[in-house]
Amino acid sequence: MAKTVPEVMEVLEGSKGVPGRRSRAGVRADPARKALPDVAAVGREDECEPLDFSVVPRDKPVSSYSTREVGLEGEAIAASYLVRRGYEVVDRNWRCVCGEADVVARDGDETVLVEVKTRVDRGGDPLAPELAVGVRKRKTYTRLALMYVSLHPEVTNVRFDVIAVTLRENRSALLRHLVGAYCWDEQ
């Protein structure tokens, strides 16, 4: 059963910091990284129409997008998808001292913090961008949620979703939405 925000805050008050932070030498690999659940178990996969809402010039081939452009395109696709599904997008790229949430949305009475992972399909093996959401990112999103709740006292339920977007050269995209991809207390 998912915990409510007050229950999680009680649990986290006694914690002594966050393991897996950066070392002086740089970013450490996360040995405890686990794959997210199978798409069929928790979400849906949709074929998106051509990118009419593109944030990158239409004449630029997808294969030549910079990393930043790939990310911006994926976030635009994810936000558009959520709106079409009846979510209310409250904020995009919400930042605080803990980090950044790609999309903050409302789904009924739940506030949803969405991490968007985007990759470009270069014709090789099938991509699974959602696998890039490891333990470190989940911990970051837990801290982001606590900060968001402290700044928005009207929020009582928080859910963590992951949207994986695979951009295709024909300017279409494959999107997987993992609803409730992880919980407050998952490590």
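The values are calculated or read from the model by the stated rules, or taken from the named source; none is laboratory data. These numbers were taken from a predicted model, which means no experiment stands behind them. When we count neighbours, we look across all protein chains shown, and the Cβ atoms used for this are built from the backbone with ideal geometry, even at glycine.
The table that follows gives values for the structure above.
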item	result
Residues satisfying the stated conditions in the range 153-169, i.e. surrounded by 15 or more Cβ atoms within 10 Å (Cβ to Cβ) and farther than 17 Å from V90 by Cα	A164, V165, T166, L167, R168
Candidates S172, S150, filtered to the one that is farther than 30 Å from G123 by Cα and either at pLDDT 90 or above or surrounded by fewer than 22 Cβ atoms within 10 Å (Cβ to Cβ) (or both)	S150
Residue within the range 77-95 that is at pLDDT 90 or above, assigned to a strand (DSSP E or B), touching a Cys at 6+ places or on another chain (Cβ under 9 Å) and under 29 Å from P57 (Cβ atoms) present	no
Any pair with Cβ under 6 angstrom, 6 or more apart, that starts in the range 142-171 at a residue that is at positive phi and ends at one that is at pLDDT below 95 and of a type in the set (A, V, I, L, M, F, W, C)	R171/L51
Residue within the range 161-182 that is more than 30 Å from R58 (Cβ to Cβ), of a type outside the set (V, I, T) and out of contact with any helix residue (DSSP H, G or I) (no Cβ under 8 Å at 6 or more places or on another chain) present	no
Considering residues of the range 139-161 that are assigned to a strand (DSSP E or B) and charged (D, E, K, R) only, the residue nearest to V114 (Cα to Cα)	D161
Cross-chain or 6+ apart pairs with Cβ under 6 Å, the range 124-138 first and closer than 27 Å to W184 by Cα and part of a loop (DSSP other than H, G, I, E, B), then modelled with pLDDT of 80 or more and hydrophobic (A, V, I, L, M, F, W, C)	V133/V162
Hits in the range 82-125 - residues which are farther than 13 Å from Y141 by Cα and touching a Gly at 6+ places or on another chain (Cβ under 6 Å)	T118
Selected residue (criterion: modelled with the lowest pLDDT) from residues of the range 106-147 that are farther than 19 Å from A173 by Cα and touching an Asp or Glu at 6+ places or on another chain (Cβ under 6 Å)	G134
